[in-house]
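S.K.: Sharing a structure here in structure tokens format.
The values are calculated or read from the model by the stated rules, or taken from the named source; none is laboratory data. Just so we're clear, the structure is a prediction, and the values are computed from it rather than from any experiment. Here Cβ is always computed from backbone atoms with ideal geometry, including for glycine, and neighbour counts include all displayed protein chains. In case anyone asks, the SASA skips ligands and DNA or RNA and just uses the protein heavy atoms, side chains included. Shrake-Rupley method; radii C 1.70, N 1.55, O 1.52, S 1.80 Å.
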Amino acid sequence: MDKIIKIWLKYYPVYLSGLWGTLWISAVTVLLGAMLGMVVALIRMSHTKVLKGITDLFVEILRGTPILLQLYFFWIALPKIVPFELSDTQCIVAALAVNASAFISEIIRAGIGAVDKGQWEAARSIGLSETHVMTRVILPQAVKNILPALCNEFIATVKGTSLASVFFVGELMTSYKTVQSATFLALQSLVIAGMIYFALNYVLSRLLRVIERRLMVSD
Amino acid sequence: MTEPILQTRNLKKNFGKLEVLKGISVDIRKGEVVSIIGPSGGGKSTFLRCLNLLEIPDEGQIFYQGQDITDKKLKITKYRQGIGMVFQHFNVFPNMTVLENVTLAPTLEKKVPAEQAKEEAMALLTRVGLADKADEYPRKLSGGQKQRLAIVRALAMKPEVMLFDEPTSALDPEMVKEVLNVIRELTRSGMTILIVTHEMGFAREVSDRVLFICDGVIKEEGTPEQIFTCPHEPETIKFLSMVL
Ligand SMILES: Nc1ncnc2c1ncn2[C@@H]1O[C@H](COP(=O)(O)OP(=O)(O)OP(=O)(O)O)[C@@H](O)[C@H]1O
Ligand SMILES: [Mg+2]
């Protein structure tokens, strides 16, 4: 126990920078994932058969292969495709975001599906364009269903980013590896990382509950 | 006799194997008030929903002011702006205030300036006794108030035709009257109105014509006098004996 405290006192800046890395990578991942997920969800709900087939396959592949494999794939393939320089971190964030978009598109689709059919009909009956039906009537109501699930996805992403430590992108698990190789105290340095993850997710899930309750009240 | 504003010719609609509309042909004249009655599942709602293309008919044509609106090239959105619809379950937008419910479509789709849209909306809300609720959200409204709001929302687009699908069926009895009063006033304003209703007394009072729809066809039609006092078809007689 006192070893844990000693490590913490000496190396806490490393952990904190790792915590910061985990947080911003998760935030960017969910943000980009939500934008891409929205596009995917809208295409999957549209009536254009070809596009729908492509996005269905996109989602199936992302859900049907290990995320670690996807990270490697982006890390290897992405720099070869894009015409500009990409850091490892950028490749990994892109991979995480694309992976998250598959799950988020499902969340968005379910959220939109849960809006009463009568709302679509009423919005169409007053002559709104399909775009306005979606943006003014359906999405604002779907957000209520989507937001809590999106917070859950954020929590899952926080844990998922640990895989990125394979590429030393500077999140919390990378901090653990750094501290571990400096101190040779594998267990103790790992416990510290674990406690930080746990505390973080504990706070986040509490926050989620507050948000959920807020949304319920405004119903 | 004025010219027809809405006509259907041999209108058919199936849901999978179920034939719901089996060929409906009718002429609705400008300013006419037409009630549609008939047994549950007979296709009344489906017919009404076909008229503003919430359902796409499988066969047959719909003409609006002489133009075939089942033509794929037609802009559905534009057409729907001329046809207001009121639903059994109100379907007011819960994410907007009462006033925003009303001004939404005029400002977005007709580019009516915000100030003018608001003025017109307030005038309409005043007419149905909802002016003091303008800034409330619909969750604070009673069923009757929600339905009056839904009517105003449709009227704000200044439609030529109004479709009502059982506008009072989901209401508590004490609220039916306030909604029927609004519709009654509308029938006197010269607007073209189609109303599916189980309120036989009301249908008899306000209609120029009554259609009895059963098994996906118009089994019988006529003036309220004819339909309610001396119906000919056995189905009509049976239906009326059950509801009256
Ligand atoms: N979207 C749909 N999918 C499948 N079947 C449907 C659909 N809409 C309606 N139906 C069926 O079509 C038939 C006619 O329905 P419709 O709602 O037009 O009847 P209605 O005359 O309005 O009856 P009610 O008086 O109960 O409102 C019913 O058997 C109904 O189950
Ligand atoms: Mg019906």
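S.K.: Please give every one of the aspartates and glutamates within straight-line cross-link reach of residue A:80, meaning a C-alpha to C-alpha distance under 20 Å, and leave out same-chain neighbours fewer than 8 residues apart.
M.R.: A:88
S.K.: Taking every residue in A:23-30, how many Cβ atoms of other protein chains lie within 10 Å of its Cβ, on average?
M.R.: On the way: counts 0, 0, 0, 0, 0, 0, 0, 0.
Neighbouring Cβ atoms belonging to other protein chains average 0 per residue here.
S.K.: Partner chain Cβ atoms within 10 Å, averaged over the residues of B:87-96 - can you pull that number for me? Mind dumping the intermediate values first?
M.R.: Details: counts 4, 1, 5, 2, 10, 3, 9, 8, 12, 3.
Per residue, the number of nearby Cβ atoms from other chains is 6 on average.
S.K.: Same structure again: Chains B and A: buried accessible surface, both sides, probe 1.4 Å, rounded to 100 Å²?
M.R.: On the way: alone 11780 and 12610 Å², together 22650 Å².
Its buried surface, counting both partners, is about 1700 Å².
S.K.: Provide the solvent-accessible area of residue A:202, counting protein heavy atoms only and rolling a 1.4 Å probe, rounded to the nearest 10 Å².
M.R.: About 110 Å², rounded to the nearest 10.
S.K.: Give me the percent of accessible area attributable to carbon and sulfur for the range B:175-224, probe 1.4 angstrom. Don't skip to the answer; put the middle values down first.
M.R.: On the way: 870 of 1870 Å².
Here carbon and sulfur together make up 47 percent of the probe-accessible area.
S.K.: Would you mind telling me which residue in A:110, A:41, A:94 has the biggest mean-square fluctuation in a Gaussian network model of chain A, where springs connect alpha carbons within a distance under 10 angstrom?
M.R.: Of A:110, A:41, A:94, the Gaussian network model singles out A:110 as fluctuating most.
S.K.: What does the convex hull of the alpha-carbon atoms of chain B project to on average, in nm²? Numbers along the way, then the final one.
M.R.: Details: hull surface 54.6 nm².
Over every viewing direction, the Cα hull of chain B projects on average to 13.7 nm².
S.K.: Please sort B:85-98, A:203-216 by packing, taking for each peptide the average over its residues of neighbouring beta carbons within 10 angstrom, highest first. All intermediate terms of the calculation are to be shown ahead of the outcome.
M.R.: Details: B:85-98: 21.8, A:203-216: 12.4.
The packing order, highest mean first, is B:85-98, A:203-216.
S.K.: Say the dipole of the protein assembly as shown comes from +1 at the beta carbon of Lys and Arg and -1 at that of Asp and Glu; which of A:104, B:103, B:182 then lies farthest toward its positive end?
M.R.: A:104
S.K.: Using a 10 Å cut-off on Cβ atoms, rank the peptides B:59-65, B:166-172 from the highest mean neighbour count down.
M.R.: Values: B:59-65: 16.6, B:166-172: 18.3.
In decreasing order of mean packing, B:59-65, B:166-172 become B:166-172, B:59-65.
S.K.: Could the peptides A:96-108, A:47-59 be put in order, highest first, of the mean number of other beta-carbon atoms found within 10 Å of their residues? Please report the intermediate quantities before stating the final value.
M.R.: Working: A:96-108: 23.8, A:47-59: 12.7.
Result, highest mean first: A:96-108, A:47-59.
S.K.: Which whole number gives the average count of other chain Cβ atoms within 10 Å of the Cβ atoms across peptide B:211-218?
M.R.: Details: counts 0, 0, 0, 0, 0, 0, 0, 0.
Whole-number average of other-chain Cβ neighbours for B:211-218 is 0.
S.K.: Pull out a ≥ b ≥ c, the square roots of the eigenvalues of the alpha-carbon gyration tensor of chain A, then state rounded if a/c is under 1.5, prolate if not and a/b is larger than b/c, and oblate in the remaining case. Show your work: numbers first, answer last.
M.R.: Working: a/c = 3.35, a/b = 1.71, b/c = 1.96.
The shape class here is oblate.
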